[in-house]
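> This is the structure I have questions about; it appears just below.
The values are calculated or read from the model by the stated rules, or taken from the named source; none is laboratory data. In this text the structure is predicted, and so the values were computed from the model without any measurement. Note that each Cβ is placed from the backbone with ideal geometry, even for glycine, and that neighbours are counted across all protein chains shown. These accessible areas exclude ligands, DNA and RNA; they are computed on the full protein's heavy atoms, side chains included. Shrake-Rupley method; radii C 1.70, N 1.55, O 1.52, S 1.80 Å.
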Amino acid sequence: MSRLRVGIVGGGFMATVHSRAARAAGAELAGIVSSSPTRGAAAAEALGIERAFPDLDALLGEVDVVHVCTPNAFHAEQALAVARAGVHVVCEKPLATTVADSRQLVRAASGVTATVPFVYRFHPLVREARARVASGEAGRVLSIRASYLQDWLLSADDDNWRVDPETGGRSRAFADIGSHLVDLLEFITGDPIARVAATRRTFVEKRAEHAAVSTEDAAAVTIETAGGAIGTLLVSQAAPGRKNALTLEIAGSAESIAFEQENPETIWVGRRGGSLSIPRDADQLSPDAARLCTVPAGHPQGYQDAFNAFVADSYAAIAGGEPEGLPRFTDGLRAVQLTETVMDAAERGAWLDVPSEGDTQ
Ligand code: SOE
């Protein structure tokens with residue numbers, strides 16, 4: 001079989017991560033489009049990609065799959081063009097900046113493989129946590145304590161396109177990192193968030209290149225799940241010392257399970273008697289966790305490994321496979337729906353129901 005020909009749109013940090021993962025999966029990096037021809041040429045050179053193309057249309061005729069790694073506001077238009085050309089698509093999160101656009105993407109991409117990099121799903125011990133909940137070992141899910149804290153937008157000197165709703169969308173911290181948190185929570189528990197109450201804050205209103213910033217630095221959310229669990233989510237990009245601290249702790253009626261993204265090689269299983277820490281060791285894990293172990297126990301796997309596994313599974317789906325737990329455009333839509341409901345709940349100061357998948361299709 002000939003190698004999959006991959007195109008990348010965007011030239012920043014995420015384009016680097018995606019291109020490494022595409023290469024690791026054995027694909028051919030055929031082309032890149034960036035915001036200007038000069039940037040495109042520089043990105044092609046830096047990432048070892050064959051050609052820089054002047055625009056997306058030119059790239060589309062040359063590739064089997066396009067990875068969209070541009071600022072949020074461009075996702076909808078670009079992913080739509082890719083899907084409408086019958087080309088497979090991997091689109092960064094948030095899938096789009098509105099629910100309406102995300103729905104349109106889900107419809108437009110029904111004939112191609114279309115995935116969203118909720119890559120924390122690909123840590124083997126996340127799969128182990130999921131298996132413990134699914135098998136009933138953890139018992140009924142009672143409560144959830146979840147947070148995702150970063151500090152890179154702490155001060156007025158810190159700036160980024162994400163703070164501007166024109167490029168980042170209405171929500172910033174929740175769309176950017178809260179989306180990962182809710183995806184992971186629902187993925188592990190299998191229990192959808194049914195209702196939310198929320199509050200949000202913009203601590204820094206004037207940044208180096210943006211005045212009157214309205215997007216949130218932080219959001220605090222109280223949740224109820226369809227299965228009757230309750231929980232709290234704290235999301236902030238202004239928490240000193242926290243770099244990429246996604247923490248998820250689920251208390252079931254039989255055991256608690258805690259996962260920390262910055263320390264993904266163990267999960268903590270809490271019990272009334274005899275709590276334990278489970279290391280990533282393929283021989284001891286459930287099949288779906290074991291399949292994602294790429295190096296032996298004691299040889300740490302991390303973020304890029306999770307990303308590589310996501311891209312490898314996306315390509316396996318393109319080849320006709322059905323890999324377990326692959327985040328698709330419907331999951332991207334779900335996270336956008338949750339983000340929008342959290343923002344609405346914060347603005348209205350009210351508990352709001354989260355529309356279910358069926359309502360949003
Ligand atoms: C920036 O907040 C960022 O790079 C996110 O965009 C990623 O999705 C997350 O994995 C790490 O932080």
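> With a bin width of 5 angstrom, please list the P(r) values of region 95-226 as percents of all Cα-Cα pairs, from the 0 bin to the one holding the largest distance.
Bin by bin from 0 Å, the calculated values are 2, 9, 15, 18, 18, 16, 12, 7, 3, 1, 0.
> In 5 Å bins starting at 0, how do the alpha-carbon pair distances of region 161-295 split up by percent?
2, 9, 15, 18, 17, 14, 11, 7, 5, 2, 0
> Report the trypsin sites (Lys or Arg not before Pro) located in region 179-234 that are in a DSSP loop and have at most 12 other Cβ atoms inside 10 Å of their Cβ, or state none. Display every interim value, and only then the final one.
Details: sites: Arg195, Arg200, Arg201, Lys206, Arg207; in loops: Lys206.
Passing sites in region 179-234 are Lys206.
> Oh, and also: What do the square roots of 5 times the Cα gyration tensor eigenvalues come to for the chain, in whole Å, largest first, as semi-axes of the equivalent ellipsoid?
Numbers: eigenvalues 193, 134, 75 Å².
That gives 31, 26, 19 Å for the three semi-axes.
> Rounded to the nearest 5, what % of the DSSP beta bridges within the chain are antiparallel ones?
Taking every DSSP beta bridge with both residues in the chain, the antiparallel ones total about 60 percent.
> Another question, if that's okay. Quick check: convex hull of the Cα atoms in region 181-228, volume per residue, rounded to a whole Å³? Could you put the intermediate results ahead of the total?
Values: hull volume 3.9 nm³, N = 48.
About 81 Å³ per residue, rounded to a whole number.
> A further question follows. Assuming 0.36 nm per residue, please report the length gained on full extension of the stretch Glu209 to Ser35 beyond their Cα-Cα distance. Don't skip to the end; give the middle numbers.
On the way: separation 174, 0.36 × 174 = 62.64 nm, distance 1.91 nm.
Here the segment from Glu209 to Ser35 would lengthen by 60.7 nm.
> Please report, in whole Å, how far the alpha carbons of region 31-90 spread along each principal axis, starting with the longest.
28, 24, 16
> Write out the chymotrypsin sites (Phe, Trp or Tyr not before Pro) in region 123-181 meeting two conditions: DSSP loop, and at most 15 other Cβ atoms within 10 Å of their Cβ. It would help to have the intermediate numbers written out before the result.
Details: sites: Tyr148, Trp152, Trp161, Phe174; in loops: Trp152.
Passing sites in region 123-181 are Trp152.
> Additional query: What are the ³J(HN,Hα) couplings of region 221-234, residue after residue, when phi is run through the Karplus curve with 6.51, -1.76, 1.60 and θ = phi - 60°? Round to Hz, x for glycine and proline.
10, 9, 10, 10, 9, 4, x, x, 6, 10, x, 10, 10, 10
> Would you mind getting the Kirkwood hydrodynamic radius of region 128-189 from its Cα pairs, rounded to one decimal in Å? Provide the component values of the computation, followed by the final result.
Details: mean 1/r = 0.0712 Å⁻¹.
Evaluated on region 128-189, it is 14.0 Å.
> Using mean Cβ contacts within 10 Å as the protection proxy, how do 5-13, 291-299 order, highest first?
On the way: 5-13: 22.6, 291-299: 14.7.
Per-residue Cβ counts within 10 Å, averaged per peptide and sorted highest first, yield 5-13, 291-299.
> Here's another thing I want to ask about it. Tell me, what is the percent relative contact order of the chain, built from C-alpha pairs under 8 Å that lie six or more residues apart?
20
> Calculate log10 I(q)/I(0) of region 294-361 for q = 0.16, 0.17, 0.18, 0.20 Å⁻¹, where I(q) comes from the Debye formula with a single equal point scatterer on each Cα and nothing for solvent.
-0.75, -0.79, -0.82, -0.88
> Can I ask one more? How far apart, in nanometres, would the label points at Glu77 and Thr199 be if each is projected 7 angstrom from Cα along the Cα-to-Cβ direction?
Distance between the two pseudo-spin positions: 3.9 nm.
> Let me ask something else. Let me know the shape class of region 5-119, please: from the alpha-carbon gyration tensor, a ≥ b ≥ c as square roots of the eigenvalues, rounded when a/c is under 1.5, otherwise prolate if a/b is greater than b/c, or oblate.
Because a/c hits 1.5 or more and a/b exceeds b/c, region 5-119 counts as prolate.
> Going through region 1-93, which GluC sites (Glu not before Pro) have at most 15 other Cβ atoms within 10 Å and a DSSP loop state?
Within region 1-93, the qualifying GluC sites (Glu not before Pro) (loop, at most 15 other Cβ atoms within 10 Å) are Glu50, Glu62.
> Follow-up question, since we're still on this one. Given a 1.4 angstrom probe, what's the average accessible area per residue across the chain, in square angstrom?
Working: 15030 Å² over 361 residues.
On a per-residue basis, 42 Å².
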